[in-house]
Amino acid sequence: MSESVKETHEFQTEVAQLLRLMIHSLYSNKEIFLRELISNASDACDKLRFEALSDDSLFGGDSELVIHLAFDKDARTVTVRDNGIGMNREEVVENIGTIARSGTRQFLDKLTGDQAADAQLIGQFGVGFYSSFIVAESVVLYSRRAGDPVEAGVRWESHGGDGYTLENVAREHHGTEVVLALREDADEFLDAWRLRGIVKKYSDHITFPVRMQSTEKDGEDEATDAGEETVNAASALWMRAKKDISDEEYQTFYKHLSHDFEDPLTWTHNRVEGKYEYTTLLYLPARAPFDLWDRDHIHGIKLYVQRVFIMDDSEQLIPRYLRFVRGLVDSSDLPLNVSREILQSNKVIDSIRSGSVKKILALLQDLADKEPEKYASFWTEFGRVLKEGPGEDHANREAIAKLLRFASTHSDSEEQTVSLDQYIERMGEGQAHIYYITADAFNAAKNSPHLESLRAEGTEVLLMYDRVDDWMMSFLQEYEGKKLVSVAKGEWPDTADDDVDTSAPEDGSDKELTKRIGDALGERVDEVRVSKRLTTSPACLVFKEHEMALHMQALLKQAGHDVPSSKPTLEINPAHPLLVRMDGETDDTRFGEWASILLDQAILAEGGQLEDPAGFVKRLNDVMLAMGED
Ligand code: ADP
Ligand code: MG
């Protein structure tokens, strides 16, 4: 059989690149290699336990799942061994020789050169195994898949660099063993006390025991487990009573669960007893993971059934707008052999999901009420994801709206700190609505002509400049009985104090002017009317209430989408000197040019795209030249 021959393979380009980066960037964080190896061993035990539910012969008579940790001072090796699922030859090539994930480039691009920050990315990205090379000069991995024959064992070896060798070897036990030959400067890991400390620090709450030789090896062969002690707590932390768990334990468990280096912002741990029984332990991370924007990559919540790990990327467990949440759900009501298909439409899951959503929203509200600074940092990291909520989760729309934060004309600061409740508190006597504007950048929102008159009368306007805002607001029409009104869309609402008349009265001459402009622009506009929004700008565009903002239309067009072109209304400010001058213009051709420039300017101010930019430039130049001649 040709497969038993020793083969030499090259690493995928990205792997080689990653290895080099890892060795250099994680140098001051050497100890994480052990966390990664133990985490893999624990995953492998989880997988075997799960597969054995339908075929317990896979245990091969060895159903006590254990992770062994050993070191050998003379040989200068550290070994991690598990009796989990193991890998066959193809799986070793697939899982260890390549990075079978699409995000590799993304990961490499994300590296900053800042060791602490880079180290944090490693685990999140799932390149954990290679962290071995931070401390090891060479790595040998033996493995045999549970259920495969003894001679189907595999030996993989690599000295980092460009590649690895692969051969079949007999392996008496299924599972995986990783032997690290340490670099010269990694002596510190040839020490029981040091290793024990690392296990305690990172792996205390993995559910399988990590056993370590209690005395240093004295030349005997490794196979004997005598004299081993269990180093970690090896209990399902989430099943313990809240009062018996310290903050530190919660934090350590979070790091194990999420591969995050940082402490979580906060968490909520609940045992639900009622129609269904389940436990949830849900964390808010302090920082956004690199793949936050990948809406399809949902892997935050692990599903357990009676402490048995089932799967970790079930999108049934958490809606997308909460995809930043990390944690687990342990149910007593699901069958152990639950499949993804079963989860698709399952009452238990639906109930757990809506329960979890409520818990998370309540946790966020609590954070916002009691620790506004922490909430502000949450908002900076995840606010734009939460903004997907109103469109996705109608049932909780009001609760989500309460959590939203915006920039506003109250401070004119770009920071998003104003809640709808705060806005309402500040509303003036005669003000009935909540006003907002959406734009493609903060300055575009802040300086938008649409809010000139509200600004002049001191009415607060929320400034929205995130991409998702225009879409989100189409789902948020009301809050606490108040209408949310875009100042850039629709008729001007007659709700502000009636005494303050911000509009120029539409007298006869205005009527004539709007008609003239309308005739000149023809099909390009729906209507031309005198504006009540403007005080200092000559004109602005207004869309109908349910139409998409112009910057969104431009964005979608750029992305190649067909956007139904809606004709805007052009609102003018007849008091503006430019319009006064136009009013006096008798040459119809010239008047037409001016009108066209006026419209194009308004489109540009909205972040829109001109249909004929060159024509605009030419007209503008003509006008400028004519000015010179005057
Ligand atoms: P991740 O654990 O995030 O998938 P790793 O680089 O740590 O990334 O591991 C890559 C893959 O190698 C794992 O997904 C798993 O399929 C396989 N693997 C690593 N260690 C083991 C092990 N001890 N037993 C079985 N499979 C393993
Ligand atoms: Mg791993």
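The values are calculated or read from the model by the stated rules, or taken from the named source; none is laboratory data. The structure presented is a predicted model; accordingly, all values stated were derived computationally and were not measured. All Cβ positions, even for glycine, are placed from backbone atoms using ideal geometry, and neighbour counts span all protein chains on display. Heads up: the accessible areas ignore ligands, DNA and RNA and are worked out on the full protein's heavy atoms, side chains in. Shrake-Rupley method; radii C 1.70, N 1.55, O 1.52, S 1.80 Å.
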From zero outward in steps of 5 Å, how is the percent of C-alpha pairs of the range 508-629 spread across the bins?
2, 11, 20, 24, 20, 13, 7, 3, 1, 0
Report the percentage of all Cα-Cα pairs in the range 22-85 whose separation exceeds 17 Å, rounded to a whole percent.
53 percent
Please give every one of the aspartates and glutamates within straight-line cross-link reach of Lys347, meaning a C-alpha to C-alpha distance under 16 Å, and leave out same-chain neighbours fewer than 8 residues apart.
Glu273, Glu277, Glu315, Asp330, Asp333
Going by accessible area, probe 1.4 Å, with all protein chains left in place, what is the ranking of His561, His576, largest first?
His561, His576
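Just to be sure I understand: of the beta bridges DSSP finds with both ends in the chain, what percent are antiparallel, rounded to 5?
Of the beta bridges lying entirely in the chain, close to 75 percent run antiparallel.
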Helix-derived mean residue ellipticity, 222 nm - over the chain, DSSP H n ≥ 4, -39500 (n - 2.57), to 500
-11000 deg cm²/dmol
As a quick test, which of the pairs Lys242/Lys302; Lys358/Lys489; Lys243/Lys302; Lys483/Lys511 have an alpha carbon distance above 27 angstrom in this structure?
Lys358/Lys489; Lys483/Lys511
Sequence gap at least 6, Cα distance under 8 Å: using those rules, report the relative contact order of the chain to the nearest whole percent.
9 percent
Rh by Kirkwood over Cα pairs, then Stokes-Einstein D for the range 239-374 at 0.890 mPa s and 25 °C, µm²/s:
160 µm²/s
Considering Cα pairs under 8 angstrom that are at least six residues apart, work out the relative contact order of the range 550-630 and quote it in whole percent.
33 percent
Please report, to one decimal in angstroms, the Kirkwood hydrodynamic radius of the range 7-233 built from all distinct Cα-Cα pairs.
17.9 Å
The range 239-374: relative contact order from alpha carbon pairs under 8 Å, six or more residues apart, as a whole percent, is 22 percent
For the chain, report the translational diffusion coefficient in µm²/s to the nearest whole number, using Stokes-Einstein at 25 °C, 0.890 mPa s, and a Kirkwood Rh over Cα pairs.
85 µm²/s
If packing is taken as the mean number of other Cβ atoms within 10 Å per residue, what is the order of 426-437, 168-179, highest first?
168-179, 426-437
